[in-house]
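S.K.: Sharing a structure, written as structure tokens. Questions coming.
The values are calculated or read from the model by the stated rules, or taken from the named source; none is laboratory data. Since we're looking at a predicted model, the values are computed, not measured. Methodologically, a virtual Cβ is constructed for each residue, glycine included, from the backbone with ideal geometry; neighbour enumeration extends over all protein chains shown.
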């Protein structure tokens with residue numbers, strides 16, 4: 001069965017600093033991988049997704065993620081964090097023709113001025 | 001184009017009652033999925049509907065049910081409410097296939113007293 005682990009429950013970074021959020025997945029076949037962001041009281045917004053091809057994926061708001069099959073990881077990065085990036089971030093894994101996505105527990109990002 | 005809409009946004013019920021939540025997908029989207037989000041269990045997949053048929057189902061008791069209408073709008077119903085059903089219920093829609101982006105609504109916050 002597929003599963004996702006986000007090791008960091010809470011991360012604090014200074015505005016302008018770089019960011020890396022970790023995600024490890026468990027899945028027997030080629031996974032579909034996603035990063036979503038959720039602001040308080042809001043639904044989830046898709047940042048980026050990986051299905052196949054180039055393992056470095058660019059998303060919205062300056063985010064990128066790299067798929068590393070050997071490490072079963074799909075870490076999210078941003079070179080310079082803005083105060084508006086403060087939110088909760090979820091990594092998710094899905095599979096072909098199935099909308100049963102498995103989400104990680106989430107990482108809450110706090111941005112210090 | 002309008003996003004996914006969910007009604008009501010907030011709901012308070014008492015134990016033993018039943019509740020119906022509504023979701024209107026993005027125009028042209030035929031797949032609707034429901035998720036439950038709680039602090040303890042995180043985001044969990046409830047079920048997916050496509051062309052008025054349940055396509056996938058998560059690991060929830062039979063008290064949780066849903067349906068989809070011919071216009072792709074969907075409802076989910078929870079009968080005999082329990083305190084543990086208090087959660088944010090998120091609806092998501094996508095065009096058809098699993099590689100299509102899934103868009104989430106803002107959610108319905110259900111509180112069971």
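S.K.: Of all residues being within 7 Å of chain B (Cβ to nearest Cβ) and part of a strand (DSSP E or B) in region A:96-113, which is farthest from residue B:53 (Cα to Cα)? Just the residue, please.
M.R.: A:103
S.K.: Hey, does region B:13-21 have a residue that's within 14 Å of chain A (Cβ to nearest Cβ) and either part of a strand (DSSP E or B) or under 21 Å from residue A:2 (Cα atoms) (or both)?
M.R.: yes
S.K.: Scan region A:4-12 and tell me whether some residue there is within 24 Å of residue B:34 (Cα to Cα) and in a strand (DSSP E or B).
M.R.: Yes - at least one qualifying residue is present in region A:4-12.
S.K.: Let me ask another. Any residue that is over 24 Å from residue B:91 (Cβ atoms), in contact with a strand residue (DSSP E or B) (Cβ under 9 Å, 6 or more places away or on another chain) and in contact (Cβ under 8 Å) with a residue 40 or more places away in the chain - is there at least one of those in region A:43-59?
M.R.: The answer is no, given that none of the residues of region A:43-59 is over 24 Å from residue B:91 (Cβ atoms), in contact with a strand residue (DSSP E or B) (Cβ under 9 Å, 6 or more places away or on another chain) and in contact (Cβ under 8 Å) with a residue 40 or more places away in the chain.
S.K.: Here is a list: A:80, A:84. Which entry is more than 11 Å from chain B (Cβ to nearest Cβ), part of a helix (DSSP H, G or I) and touching a helix residue (DSSP H, G or I) at 6+ places or on another chain (Cβ under 9 Å)?
M.R.: A:84
S.K.: Looking at region A:62-87 only, could you name the residues that are surrounded by fewer than 17 Cβ atoms within 10 Å (Cβ to Cβ) and under 11 Å from the mean Cα position of the chain (by Cα)?
M.R.: A:64, A:66, A:77, listed by residue number.
S.K.: Give the number of residues within region A:20-48 that are assigned to a strand (DSSP E or B) and surrounded by fewer than 19 Cβ atoms within 10 Å (Cβ to Cβ).
M.R.: Qualifying residue count, region A:20-48: 6.
S.K.: Okay, next question. Among the listed residues A:90, A:74, identify the single one that is at the interface with chain B (Cβ under 10 Å from one of its Cβ atoms) and either in contact with a strand residue (DSSP E or B) (Cβ under 7 Å, 6 or more places away or on another chain) or part of a strand (DSSP E or B) (or both).
M.R.: The match here is A:90.
S.K.: So is residue A:33 under 27 Å from residue B:107 (Cα atoms) and at pLDDT 95 or above or not?
M.R.: No; evaluated as a whole, the condition is false for this residue.
S.K.: Hey, another quick one. Against the condition surrounded by 12 or more Cβ atoms within 10 Å (Cβ to Cβ) and either facing another protein chain (nearest Cβ under 10 Å) or farther than 23 Å from residue B:101 by Cα (or both), how does residue B:33 come out, does it pass?
M.R.: Yes, satisfied.
S.K.: Here's another thing I want to ask about it. Can you tell me how many residues in region B:80-113 are at pLDDT 95 or above, out of contact with any helix residue (DSSP H, G or I) (no Cβ under 7 Å at 6 or more places or on another chain) and more than 10 Å from chain A (Cβ to nearest Cβ)?
M.R.: 12
S.K.: Out of the residues in region B:44-56 meeting the condition of being under 12 Å from the mean Cα position of the chain (by Cα) and within 18 Å of residue A:3 (Cβ to Cβ), tell me which one is farthest from the other protein chains (Cβ to nearest Cβ).
M.R.: That would be B:46.
S.K.: Taking the conditions exactly as written (surrounded by 12 or more Cβ atoms within 10 Å (Cβ to Cβ), more than 23 Å from residue A:106 (Cα to Cα), within 11 Å of chain A (Cβ to nearest Cβ) and in contact with a strand residue (DSSP E or B) (Cβ under 8 Å, 6 or more places away or on another chain)), does residue B:64 satisfy them or not?
M.R.: Spelling it out, it is not the case that residue B:64 is surrounded by 12 or more Cβ atoms within 10 Å (Cβ to Cβ), more than 23 Å from residue A:106 (Cα to Cα), within 11 Å of chain A (Cβ to nearest Cβ) and in contact with a strand residue (DSSP E or B) (Cβ under 8 Å, 6 or more places away or on another chain).
S.K.: Go through region A:49-61 and report how many residues are buried (at least 17 other Cβ atoms within 10 Å of the Cβ) and either assigned to a strand (DSSP E or B) or over 14 Å from the mean Cα position of the chain (by Cα) (or both).
M.R.: Final tally of qualifying residues: 3.
S.K.: It is to be established whether one or more residues within region A:3-12 are under 19 Å from residue B:102 (Cα atoms) and surrounded by fewer than 21 Cβ atoms within 10 Å (Cβ to Cβ).
M.R.: yes
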